[in-house]
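Some notes on the structure that comes next.
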Amino acid sequence: MDLSLILTLLTDDLLTRVLDCLPDDTDRKSFRATCKSFHRVESTHRTRVKFLRPEFIPRLLRHYTRAHALDFSSCPRIYDGAISALLNSEKNWTVRVKKLVLCRTTSLKWLGLEMLVKGCVNLESVDVSHCCEFGDRECDAISCGTGLKEVKLDKCLGVTDVGLAKIAISCGKMEKISLKWCLEVSDMGIDLLSKKCSGLKYLSVSYLKISNESLRSISSLKKLETLLMVGCGLVGDEGLGFIGNGCSSLKVLDVSRCEHVSSAGLVSVTRGCKGLQKLNVGYYFLELSAAVFHTLKDLKHLKTIRVDGARVTDSFFQIISTNCLFLVEVGLSRCEGVNDLGIMQLAYGSPTLKILDLTCCNNLTDIAISAVAHSCTKLLCLKLESCSLLTEKSFTYLGSSCHSLEELDLTECCVNDIGLKNLSKCLELRCLRLGICHDVSDKGLSYIASKCKNLQEIDLYRCLNVGDDGLGFIAGGCKKIRKLNLCYCTKITDKGLMYLSQLEELSDLEMRSITEVTGTGLSALASGCRKLLQLDIKHCGNIRDTGFWSLAYYSWNLQQINLSFCAISDVGLCMMMGNLTRLQDAKLVNLTNVTVRGYELALRACCTRLKKVKLLASLRPHLSAELLETLGASGCRIRWD
């Protein structure tokens, strides 16, 4: 049957159902490019739009008429004036918007934020995380959204109790709020938030300087389901007692890195919150008491438990494997006392396990991995970094039984080419980390490339025996690669980068200290990998301006770059910083061929869009005060090295 006739039989409803089955952006893009009919259906189906360039925003808003989630986080220049113009010229879109993602939009100030929040009358969610300069005035602007249900303020360093109070009083329907790293928020702010937003279901107070009094206030939140309090160094067992007595609906609790919380506090929580599904108590717990282990028996719905850094015993494994029948994730990173017997008990008692972190559990042998492989056949993620006693047998077990495995971390393990041949049977692998595996060579990568077609990320950090041919195998077999770490793989030359130029989906490449690469290789990479977002070429000293010119010409999607210790000149730096219109983060330390004037001109060329820049401290007195002021006014953070 003729293809055009088949397409006419596909109704919009059928095409919409097809789109529902395509979560990957690349697949949706291919769908959209098929024909005009497919493009039209995709446009009406899309509910989220991520803006990359400010000049395209009005057209995209007109085109995607069902989009209710707008993401400005990757847009380099969003100013108050641009928001005003947008609201005045295009008004229909504001009614449908329910979610705004404004994280790292450092150029946006309180006035533009207020106009945006007021304009979007049905707004339910705002994310301004990592806008480090945001404070109480911006909180006042956010409080204009009286219907807000979710607010994310992570690392808004200027927010105090006053700003939080404005949001709490105005946004009484709030269900989720994240205050991670809002260091000026105290017990007073948390108390008012708990009283005014009694319907909160999700609360993150990680790294705040709050005390047990805040936990007393939080315990009044009867609907609270998720409480994240990582690194709250002033809270203790008394505070957890309040949570255990008051928050019976709690399902997720993270008290990792809380140095004054002991086993007694955990017992209070586990006794009072019988519905806990996820518990993270990693680090600062040098030893978990027997009482904690025994209370785990009552957590019949527990799905995730992380005790990273703690000292565990065989009784711990026996209790959770016998009583916690729905476990899907266990974290034992850097735990003392983890041995083959314990892991065997865990594996045999938890056949539904999907995520297992055994990082730095260096007493484990092939016996433990055999038990995991044969019992936990649904495993998706396994981390074995620095498990140095494992041999080829372990990788044979995994390859034979764990066919669903998607992520495998073998950093600093004794894996060789034969091991990779066995692991190549894990056809669903998407992420493979082989950092500091000195016995891995090009031959081993050929096995992976021939079968693991879904691989999207591979880490070859300091794999000294990997060369150009290995990259050729990866480029030929793993076309979906997006993230690649080649740092210190000193055998790689321009030929290897020419192979990599075939990876059209590559977005993140680290290649520090690959001194054999020249401008020829970088030019090939830039012309072929047009989706590059992040590039680290620190200490690649043989790349000259011709390579950087190609980067400036082809890599217009680049957002982050590390050029430190490179041989770029004034002209090359100015061309790059001027042409790369989406560049937001640049590391420019020790560019010995660049003069002060070169730095000045290059930074002026991009000062309105840069969000972060790293420079040598000795350069500071030589740059003009006007330039530094302009960078600061545009929301750019300068890190002086």
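General remarks:
- Residues of segment 199-220 satisfying the condition of being assigned to a loop (DSSP other than H, G, I, E, B) and open to solvent by less than 50 Å² (accessible area, probe 1.4 Å): Gly199, Leu200, Val205, Ser206, Leu208, Ile210, Ser211, Ser219
- Hits in segment 296-323 (condition: open to solvent by less than 10 Å² (accessible area, probe 1.4 Å) and in a helix (DSSP H, G or I)): Leu296, Phe316, Phe317, Ile320
- Test result for Glu510, touching a helix residue (DSSP H, G or I) at 6+ places or on another chain (Cβ under 7 Å) and under 23 Å from Leu408 (Cβ atoms): no
- Members of segment 604-629 found to be within 31 Å of the chain's Cα centre (by Cα) and among the hydrophobic types (A, V, I, L, M, F, W, C), listed by number: Ala605, Cys606, Cys607, Leu610, Val613, Leu615, Leu616, Ala617, Leu628
- The listed residue being in contact (Cβ under 8 Å) with a residue 12 or more places away in the chain, closer than 30 Å to Ala633 by Cβ and over 27 Å from the mean Cα position of the chain (by Cα), out of Leu583, Leu601, Leu588: Leu601
- Here Gly233 passes the criteria (1) within 21 Å of Lys278 (Cβ to Cβ); (2) within 30 Å of the chain's Cα centre (by Cα); (3) surrounded by fewer than 17 Cβ atoms within 10 Å (Cβ to Cβ) except the one numbered (1).
- Selection within segment 272-286 - touching a Gly at 6+ places or on another chain (Cβ under 6 Å) and open to solvent by 10 Å² or more (accessible area, probe 1.4 Å): Gly272, Tyr283
- Which numbered condition Lys223 fails, given (1) out of contact with any strand residue (DSSP E or B) (no Cβ under 7 Å at 6 or more places or on another chain); (2) within 23 Å of Gly265 (Cα to Cα); (3) crowded, with 17+ Cβ neighbours inside 10 Å: (3)
- Arg48 over 23 Å from Gly199 (Cα atoms), open to solvent by 40 Å² or more (accessible area, probe 1.4 Å) and at pLDDT 95 or above: no
- For segment 509-535, a residue qualifies if it is open to solvent by 20 Å² or more (accessible area, probe 1.4 Å), part of a strand (DSSP E or B) and over 17 Å from Lys491 (Cβ atoms), and exactly one does: Gln534.
- Residue in segment 153-175 that is touching a strand residue (DSSP E or B) at 6+ places or on another chain (Cβ under 8 Å) and of a type in the set (Lys, Arg) present: no
- Meets criteria (part of a helix (DSSP H, G or I) and farther than 27 Å from Val596 by Cβ) for Tyr499: yes
- Qualifying residue in segment 188-198 (condition: of a type outside the set (A, V, I, L, M, F, W, C), out of contact with any Ser or Thr (no Cβ under 8 Å at 6 or more places or on another chain), more than 15 Å from Ser143 (Cα to Cα) and buried (at least 18 other Cβ atoms within 10 Å of the Cβ)): no
- Residues of segment 473-496 satisfying the condition of being open to solvent by less than 20 Å² (accessible area, probe 1.4 Å) and in a helix (DSSP H, G or I): Ile474, Ala475, Gly477, Gly496
The values are calculated or read from the model by the stated rules, or taken from the named source; none is laboratory data. All figures in this text were calculated on a predicted structure; none of them were measured in a lab. Here Cβ is always computed from backbone atoms with ideal geometry, including for glycine, and neighbour counts include all displayed protein chains. Areas reflect the complete protein model, heavy atoms only, side chains present, ligands, DNA and RNA absent. Shrake-Rupley method; radii C 1.70, N 1.55, O 1.52, S 1.80 Å.
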